[in-house]
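Structure first, commentary second.
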Amino acid sequence: MFKSRCKTEGAPNPRRAFEMKQYAAAGPNIPLQKDWSETWCTLPQPFDTVLGEVLNYEVRPDDVFIVTFIKCGTTWMQETAWLLLNNLDFAKSKELPQTQRSPFLDFHGIVTTAPNVVEYSKTLTSPRLLKTHMPANLVPRQIWQQKTKVIYVARNCKDVVVSSYHFAKNLRLWAGDNIEDFVTDFLNDEILYCNYWSHIVDFWKMRNEEHIFFVTYEEMKRNLGGVVQRLCDFLGRPQLSEEELQKTLDHLSFNKMKDNDKANITTVLKQHITTANDDFQFMRRGIVGSFKDELTPELQAKIDNWSRDFLAKHGLTEEDIFGKL
């Protein structure tokens with residue numbers, strides 16, 4: 001069903017917070033033709049058992065999946081899509097944590113003390129909005145068999161690196177202590193869910209499939225109203241009135257999301273990951289291009305060169321996917 005391999009030979013990376021392996025699986029029914037059995041994803045070793053649960057997950061006809069690489073605006077899109085699927089039930093969105101309204105299927109593979117999210121999700125009424133960070137060949141296989149609706153959110157690489165650094169370091173999911181080492185590990189696929197570009201490019205190439213909604217974090221920041229309108233069409237929901245749209249956009253603003261403890265999962269993560277730093281914040285800045293404040297010109301160039309080399313093999317540039325940043 002899937003295969004795994006040790007990430008490196010010889011001495012393990014001392015900055016790993018736990019044992020990591022790489023996983024891959026064949027991609028039957030995925031519309032993009034490639035050798036999926038050699039498309040690897042870095043995950044904690046407990047996925048030896050959890051990955052089978054995810055791949056064999058029983059998908060319902062009206063399920064909607066949000067698929068992203070980490071720190072790409074997942075929570076923002078979950079809140080957006082959940083509201084549209086639930087008739088703008090703002091009251092319920094402020095009563096029930098997002099982790100219960102839109103569960104993260106992979107979570108118990110990362111935090112082994114967490115409840116089994118796959119089992120929990122089976123108790124939800126339809127339509128379900130489900131989240132995963134898995135690449136295309138490791139999501140539930142029935143997604144591709146049934147052409148289940150997928151919302152994919154991508155974010156520019158350098159902002160993802162910085163956001164992932166603060167996330168992983170402060171949750172103790174990475175044992176290093178400086179961003180220079182983190183960049184090295186990110187580029188060498190030593191961080192959760194890497195390889196970043198493979199994850200992004202595979203879905204970008206499938207963006208014209210009818211059951212895939214591809215959007216960037218940058219477009220959501222630039223024109224969230226337009227994204228909401230497109231999403232209504234994709235989900236088969238009626239277009240919002242001007243009043244409804246403005247209320248939705250206000251609810252989805254960064255400051256409102258950050259102050260909403262049912263959407264901002266800082267407390268939830270601290271409850272499950274007790275070693276987290278006291279000052280950990282799940283939502284930090286939410287600014288496009290904030291990497292410029294934290295990455296030296298040398299680190300920016302290192303990431304840009306790595307990105308350019310990967311994308312050139314696909315005849316792409318970063319601007320093709322994200323536009324001008």
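The values are calculated or read from the model by the stated rules, or taken from the named source; none is laboratory data. No experiment lies behind these values; they were computed from the predicted model shown. Cβ sites come from the backbone with ideal geometry, for glycine too, and all protein chains shown count toward neighbours. For accessibility, only protein heavy atoms count, side chains too; no ligands or nucleic acids. Shrake-Rupley method; radii C 1.70, N 1.55, O 1.52, S 1.80 Å.
Some observations on this one:
- Considering residues of region 4-17 that are touching a strand residue (DSSP E or B) at 6+ places or on another chain (Cβ under 6 Å) and either of a type in the set (Val, Ile, Thr) or at pLDDT 90 or above (or both) only, the residue least open to solvent (accessible area, probe 1.4 Å): Ser4
- Meets criteria (at pLDDT 95 or above, surrounded by 18 or more Cβ atoms within 10 Å (Cβ to Cβ), within 21 Å of Phe214 (Cβ to Cβ) and within 19 Å of the chain's Cα centre (by Cα)) for Phe65: yes
- All of Gly225, Gly236 fail the test of being of a type in the set (Gly, Ala, Ser) and open to solvent by 20 Å² or more (accessible area, probe 1.4 Å), apart from Gly236.
- So Lys71, is it in a loop (DSSP other than H, G, I, E, B), under 19 Å from the mean Cα position of the chain (by Cα) and within 28 Å of Leu249 (Cβ to Cβ): yes
- Residues of region 18-40 that turn out to be within 14 Å of Val139 (Cα to Cα), hydrophobic (A, V, I, L, M, F, W, C) and open to solvent by less than 30 Å² (accessible area, probe 1.4 Å), as a count: 4
- Hits in region 68-106 (condition: modelled with pLDDT under 90 and among the hydrophobic types (A, V, I, L, M, F, W, C)): Leu96
- Against the list (1) under 20 Å from Val227 (Cα atoms); (2) assigned to a helix (DSSP H, G or I), the condition Val118 fails is (1).
- Hey, Tyr165 modelled with pLDDT under 95 and touching a helix residue (DSSP H, G or I) at 6+ places or on another chain (Cβ under 7 Å) or not: yes
- Within region 82-101, no residue satisfies the criterion of being open to solvent by less than 30 Å² (accessible area, probe 1.4 Å) and among the acidic types (Asp, Glu).
- Criterion violated by Gln146 - all others in (1) at pLDDT below 95; (2) under 30 Å from Pro28 (Cβ atoms) satisfied: (1)
- Checked against (1) at pLDDT below 95; (2) within 13 Å of the chain's Cα centre (by Cα); (3) at positive phi, Tyr193 passes all but a single condition, namely (1).
- Some residue of region 27-43 being of a type in the set (Phe, Trp, Tyr) and at pLDDT below 95: no
- Selection within region 131-158 - part of a loop (DSSP other than H, G, I, E, B) and either surrounded by fewer than 24 Cβ atoms within 10 Å (Cβ to Cβ) or among the aliphatic types (A, V, I, L, M) (or both): Met134, Val139, Pro140, Arg141, Lys147, Thr148, Asn156
- Looking across region 162-189, the residues that are assigned to a loop (DSSP other than H, G, I, E, B) and surrounded by fewer than 21 Cβ atoms within 10 Å (Cβ to Cβ) come down to Leu171, Arg172, Ala175, Gly176, Asp177, Asn178, Asn188, Asp189.
- Qualifying residue in region 102-111 (condition: within 30 Å of Glu19 (Cα to Cα), open to solvent by 50 Å² or more (accessible area, probe 1.4 Å) and among the acidic types (Asp, Glu)): no
- Residues being crowded, with 16+ Cβ neighbours inside 10 Å and closer than 15 Å to Gly73 by Cα - total across region 286-300: 2
- Qualifying residue in region 197-209 (condition: open to solvent by less than 30 Å² (accessible area, probe 1.4 Å), of a type in the set (Gly, Ala, Ser) and either modelled with pLDDT under 95 or farther than 30 Å from Leu249 by Cβ (or both)): yes
- From the list Glu58, Glu53, Glu79, the one residue that fits, being in contact with a Ser or Thr (Cβ under 8 Å, 6 or more places away or on another chain) and among the acidic types (Asp, Glu), is Glu79.
- Which listed residue, of Leu173, Leu235, Leu245, is closer than 29 Å to Lys34 by Cα and not hydroxyl-bearing (Ser, Thr, Tyr): Leu235
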